[in-house]
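J.: Can you read through this structure? Questions will come right after.
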Number of protein chains: 2
Amino acid sequence: MSTQTSREALQALDRQDPLARFRDRFVLPEAVIYLDGNSLGPLPVGAAERAAEVVNEQWGQGLIRSWNTAGWFELPTRLGDKLGTLLGANPGETVVTDTTSLNLFKALASALRIQQVDGPGRRVIITERDNFPTDIYIAQGLADLLNSVTTETGVDYEVRLIDTQDELLAALGPDTALISLSHVNYRTGRMWDMPAITAAAHEAGALAIWDLAHAAGAVPVDLNGADADYAVGCTYKYLNGGPGAPAFIWVNARHQRRFWQPLSGWWSHAQPFAMDEDYAPADDARRFMCGTQPITSLAMLEVGLDVSLEADQHQLRAKSLELTDLFIELVRERCPGLGLELVTPQQHAERGSHVSFRHPHGYAVMAALIERGVIGDYREPEVLRFGVTPLYLSRTDIWDAVEILREVLHTGAWQREEFTRRNAVT
Amino acid sequence: MSTQTSREALQALDRQDPLARFRDRFVLPEAVIYLDGNSLGPLPVGAAERAAEVVNEQWGQGLIRSWNTAGWFELPTRLGDKLGTLLGANPGETVVTDTTSLNLFKALASALRIQQVDGPGRRVIITERDNFPTDIYIAQGLADLLNSVTTETGVDYEVRLIDTQDELLAALGPDTALISLSHVNYRTGRMWDMPAITAAAHEAGALAIWDLAHAAGAVPVDLNGADADYAVGCTYKYLNGGPGAPAFIWVNARHQRRFWQPLSGWWSHAQPFAMDEDYAPADDARRFMCGTQPITSLAMLEVGLDVSLEADQHQLRAKSLELTDLFIELVRERCPGLGLELVTPQQHAERGSHVSFRHPHGYAVMAALIERGVIGDYREPEVLRFGVTPLYLSRTDIWDAVEILREVLHTGAWQREEFTRRNAVT
């Protein structure tokens, strides 16, 4: 692709954009181009009103009665089902609860428990070295816990890190319990082929867990189509659920009745209010839960979800790819020799919905951009990351962002500002 | 104690109550006597405004920048320190995060890990049969997980349930890893002697974990004074944090550097944004955390906490005991022969801040009470539970509640209404 385009030409395209109307569904500050919706999505119109309703009416007036009368009990499964329609899930397979880290722990524990029966001796968890760190840490934590009491055979649980797809495929073997991958990489935006990788895992007798943190609401996902085993993910990025909104967990229906988790809190019990002294898991998706959820934060998520559900998912993907293509091409044309190195795959099939560039002074460059209202973020090492969210960004936003990036780099403004900041600190 | 009192005499006492002014710090619906603040505390004045500020200003305008500019990163530890002052904790020992169930899992895992070094062979977790069920289930879940891989020696982890203090003391022995108790029982309101029981556990080489769900903000707690090892608890009951507000965990400073949890998410890492591939826990209370917290629900908690912190804790305890005494005495005087059996201890030292009565038709009786604006709750089996919260209840509230209870029982109204409800369903 070569654009050789102009801001005017992009404006003309924006005017014909069938998704343009969604821009007004979000509150965005003046003079900001928000390229960090993959870290925290913006405030949807109506979310503040929802929070006020939950706090003033449901909590303030309804008090404890609102667990029933305002449907608080059903929020995790009801919102899970809504979210599931974006992920190729059937009703009853998804719940919104806890955090991504915790849900991953549940999925890992459940998968290992299944392998203790189906594949004893399978004790290797394969994940990416470049996975989001919490995904690695949680696997290490679970393996560490199990190894603390496996004293007999020397067959310890192991977290094996791979760097490439070839390494992943070569690592799959008779000792593999599961693979745990992020569908879209948080730093590079690189996307795995979920159906192919899942099939390879199954071929080797392993289970496949997918973290959809940077995928849900950003790229087409079909969990049942891909025959995935477990998925977890985040709702405060592309789903615009609000800061720290609860995460989700999906379990393939074939595993549901075998799903077992050590975080066996009362919300996952078959009869939470029977006050039995023995744990017995619910026979539906409630068994993926643990304790009481933060209702105000949880309820607001629905507003963001509803916006995503209104949009045509094919149009979203097409516009996302158009915008990321545009970003890449504009940087190539307008920022040559300015030290930016693309780290996001150019193949559409391998790209999520953000674009990233290395720059040796990435941190200072991003600080200068944010100072000018272009809000992206910085990820170690040296990576400038730009979330490209087709619901509320336009082609001219991308043009303007790249222009400001060019200016910051071309004029060396980032360098002077870094000098000023350092002097201010010392 | 015998009251033989009158509503007028109680009104006179209410007028002199130094805590009476706190009633106006809460939004409470008209025509409701709220006796379920031990399940969900009411809305403090200012909490709705706090939520609106977080949503509109911090999320809507600040966007991702608010993690730094609005102090979101520090909320769990900053609110933890505030809360800690109510619990006899020092700064840096408490964090507000996740749910009580999850925090208990962390405490159990950490205590067992310490015992693997300090007391190998100690594999028994002692808890109460009448503990809140999630406390039992979480211990069962962890034991189950560990036992799934301990194949060699037959020394399995075991959750042992006791019914009485004598049984507890007799059960302590060389195989005890830890005791896990609720300071105040959720159903009966019975309170353990934390210093004495902790000392007995230590004497036996065991660690002591305390669940303060029905204690924090309700009764005097001095964790360091009692030399407890771990504590967890809930903020949406007596601390009035809002529905599902995040819970807390406290760890005795002597264990902090050894604290290890398998829920080792990135928020507990020494450098969460360094994106290291190996887990290394933070050297402060952040190591008790796991993933990203629900900011709106978390931020609102501060409003409730601030109200509790303003009140004199000795006055609160004195009024709580006065009100529970009054409730018990009024029931004795005014409801004889109506089928109510007190299950809450009469000794002050053994009583929390709620009173409970068994009634063979407890569920229907509570439904009739709620219908009349007296909101308590029902707990299996047959228990009517009344939370007595001195911050916003008066002596006349207790009088009126008992009068309505008497009328419901005396007239058999509960029975007619139950008949109507059943006919309505079929």
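The values are calculated or read from the model by the stated rules, or taken from the named source; none is laboratory data. Model, not experiment: these values are computed from the prediction. Backbone-built Cβ (ideal geometry, glycine too); neighbour counts: all protein chains shown. Surface accessibility is based on the protein's heavy atoms, side chains included, excluding ligands, DNA and RNA. Shrake-Rupley method; radii C 1.70, N 1.55, O 1.52, S 1.80 Å.
J.: Which one is farthest from B:A31 (Cα to Cα) among residues in segment B:360-372 that are free of Cβ contacts under 8 Å to residues at least 40 places away in the same chain and open to solvent by 10 Å² or more (accessible area, probe 1.4 Å)?
T.: So, considering only residues that are free of Cβ contacts under 8 Å to residues at least 40 places away in the same chain and open to solvent by 10 Å² or more (accessible area, probe 1.4 Å), the one farthest from B:A31 (Cα to Cα) is B:P360.
J.: If I filter segment B:412-424 for residues that are modelled with pLDDT of 95 or more and over 22 Å from B:P133 (Cα atoms), do I get at least one hit?
T.: No: zero hits.
J.: With respect to B:W414, is the statement that it is under 22 Å from B:E8 (Cα atoms), hydrophobic (A, V, I, L, M, F, W, C) and not assigned by the TED database to the domain that holds B:A218 true?
T.: no
J.: Additional query: How many residues does segment B:288-318 hold that are open to solvent by 10 Å² or more (accessible area, probe 1.4 Å) and either more than 14 Å from chain A (Cβ to nearest Cβ) or acidic (D, E) (or both)?
T.: Qualifying residue count for the region: 11.
J.: Going through A:L63, A:L83, A:L102 one at a time, which residue ends up being more than 18 Å from A:S180 (Cα to Cα), open to solvent by less than 10 Å² (accessible area, probe 1.4 Å), touching a residue at least 60 places away in the same chain (Cβ under 8 Å) and not polar (S, T, N, Q)?
T.: Of A:L63, A:L83, A:L102, the one residue that is more than 18 Å from A:S180 (Cα to Cα), open to solvent by less than 10 Å² (accessible area, probe 1.4 Å), touching a residue at least 60 places away in the same chain (Cβ under 8 Å) and not polar (S, T, N, Q) is A:L83.
J.: May I pose another question? Hey, does segment B:138-153 have a residue that's in contact with a strand residue (DSSP E or B) (Cβ under 7 Å, 6 or more places away or on another chain), among the hydrophobic types (A, V, I, L, M, F, W, C) and closer than 30 Å to B:V343 by Cα?
T.: yes
J.: Report yes if A:A213 is under 27 Å from A:Q315 (Cβ atoms), within 14 Å of chain B (Cβ to nearest Cβ) and part of a loop (DSSP other than H, G, I, E, B), otherwise no.
T.: yes
J.: If you check A:V221 against the conditions, is it surrounded by 20 or more Cβ atoms within 10 Å (Cβ to Cβ) and touching a Ser or Thr at 6+ places or on another chain (Cβ under 8 Å)?
T.: Taking the combined requirement at face value, the residue does not satisfy it.
J.: Something else: Criterion first (facing chain A (nearest Cβ under 9 Å), out of contact with any Lys or Arg (no Cβ under 7 Å at 6 or more places or on another chain), small (G, A, S) and closer than 24 Å to A:A48 by Cα) does B:G62 satisfy it?
T.: yes
J.: Would you check if there is a residue in segment B:180-188 being open to solvent by less than 10 Å² (accessible area, probe 1.4 Å), among the β-branched types (V, I, T) and either at pLDDT 95 or above or more than 19 Å from B:S308 (Cβ to Cβ) (or both)?
T.: Yes, segment B:180-188 has at least one match.
J.: List pairs: first residue in segment A:20-34 and closer than 13 Å to A:L391 by Cβ, second residue of a type in the set (S, T, Y) anywhere in the structure, Cβ distance under 6 angstrom, at least six positions apart or on different chains.
T.: Cβ pairs passing all conditions: A:R23/A:Y392; A:F26/A:Y392; A:L28/A:Y34.
J.: Moving on. Quick one: is A:T344 open to solvent by less than 10 Å² (accessible area, probe 1.4 Å), over 26 Å from A:L43 (Cα atoms) and touching a residue at least 60 places away in the same chain (Cβ under 8 Å)?
T.: yes
J.: Answer with yes or no whether A:T324 is crowded, with 23+ Cβ neighbours inside 10 Å, more than 9 Å from chain B (Cβ to nearest Cβ) and part of a helix (DSSP H, G or I).
T.: It is true that A:T324 is crowded, with 23+ Cβ neighbours inside 10 Å, more than 9 Å from chain B (Cβ to nearest Cβ) and part of a helix (DSSP H, G or I).
J.: Moving on to the next point. Among the residues of segment A:4-48, what is the count of those that are of a type in the set (D, E, K, R), open to solvent by 30 Å² or more (accessible area, probe 1.4 Å) and closer than 19 Å to B:N56 by Cβ?
T.: 4
J.: Sort out which residues of segment A:66-75 are of a type in the set (A, V, I, L, M) and either surrounded by fewer than 21 Cβ atoms within 10 Å (Cβ to Cβ) or free of Cβ contacts under 8 Å to residues at least 40 places away in the same chain (or both), and write them in order of number.
T.: Answer for segment A:66-75, where residues must be of a type in the set (A, V, I, L, M) and either surrounded by fewer than 21 Cβ atoms within 10 Å (Cβ to Cβ) or free of Cβ contacts under 8 Å to residues at least 40 places away in the same chain (or both): just A:A70.
J.: Do any residues in segment A:407-420 that are in a helix (DSSP H, G or I) have Cβ atoms under 6 Å from those of residues that are at pLDDT below 95, where the two are at least six apart or on different chains, and which pairs are they?
T.: Going by the 6 Å Cβ cut-off, the qualifying pairs are A:V408/A:W414.
J.: Residues being in a loop (DSSP other than H, G, I, E, B), closer than 23 Å to B:G352 by Cβ and touching a helix residue (DSSP H, G or I) at 6+ places or on another chain (Cβ under 8 Å): count how many of those fall in segment B:237-261.
T.: 11
J.: If the requirement is being farther than 26 Å from B:W67 by Cβ and either of a type outside the set (D, E, K, R) or out of contact with any helix residue (DSSP H, G or I) (no Cβ under 9 Å at 6 or more places or on another chain) (or both), which of these qualifies: A:G376, A:G339, A:G362?
T.: Residue meeting the stated conditions: A:G339.
J.: Could you go through segment A:190-203 and let me know if any residue there is more than 14 Å from chain B (Cβ to nearest Cβ), touching a helix residue (DSSP H, G or I) at 6+ places or on another chain (Cβ under 9 Å) and basic (K, R).
T.: yes
J.: Would you tally the residues in segment A:262-272 being within 7 Å of chain B (Cβ to nearest Cβ) and assigned to a loop (DSSP other than H, G, I, E, B)?
T.: Count: 4.
J.: Quick check on A:V331: is it over 19 Å from the mean Cα position of the chain (by Cα), under 27 Å from A:S6 (Cβ atoms) and either of a type in the set (V, I, T) or at pLDDT below 95 (or both)?
T.: yes
Rundown of residues vs (1) within 8 Å of chain A (Cβ to nearest Cβ); (2) touching a residue at least 24 places away in the same chain (Cβ under 8 Å); (3) not in a helix (DSSP H, G or I), yes/no style:
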| position | (1), (2), (3) |
| --- | --- |
| B:D98 | yes, yes, yes |
| B:A109 | yes, yes, no |
| B:D130 | no, yes, yes |
| B:D135 | no, yes, no |
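J.: Additional query: Restrict the check to segment A:229-244 and report whether at least one residue is more than 22 Å from A:S308 (Cα to Cα), outside the structural domain of A:L391 (by the TED database) and touching a residue at least 12 places away in the same chain (Cβ under 8 Å).
T.: Yes: segment A:229-244 contains one or more residues that are more than 22 Å from A:S308 (Cα to Cα), outside the structural domain of A:L391 (by the TED database) and touching a residue at least 12 places away in the same chain (Cβ under 8 Å).
J.: Which of the residues spanning segment B:244-279 are open to solvent by 40 Å² or more (accessible area, probe 1.4 Å), of a type outside the set (S, T, Y) and over 25 Å from the mean Cα position of the chain (by Cα)?
T.: Scanning segment B:244-279 gives B:R257, B:R258, B:A270, B:Q271, B:F273, B:D276, B:E277, B:D278.
Residue by residue, here is whether (1) within 11 Å of chain B (Cβ to nearest Cβ); (2) modelled with pLDDT under 95 holds:
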site: A:A364; (1), (2): no, no
site: A:I370; (1), (2): yes, no
site: A:R379; (1), (2): yes, yes
site: A:V383; (1), (2): yes, no
site: A:V388; (1), (2): no, no
site: A:L393; (1), (2): no, no
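J.: To continue, here is another question. With (1) under 30 Å from A:I370 (Cα atoms); (2) within 14 Å of chain B (Cβ to nearest Cβ) as the list, and A:R23 as the residue in question, which single condition is left unmet?
T.: (2) is the only condition that A:R23 fails.
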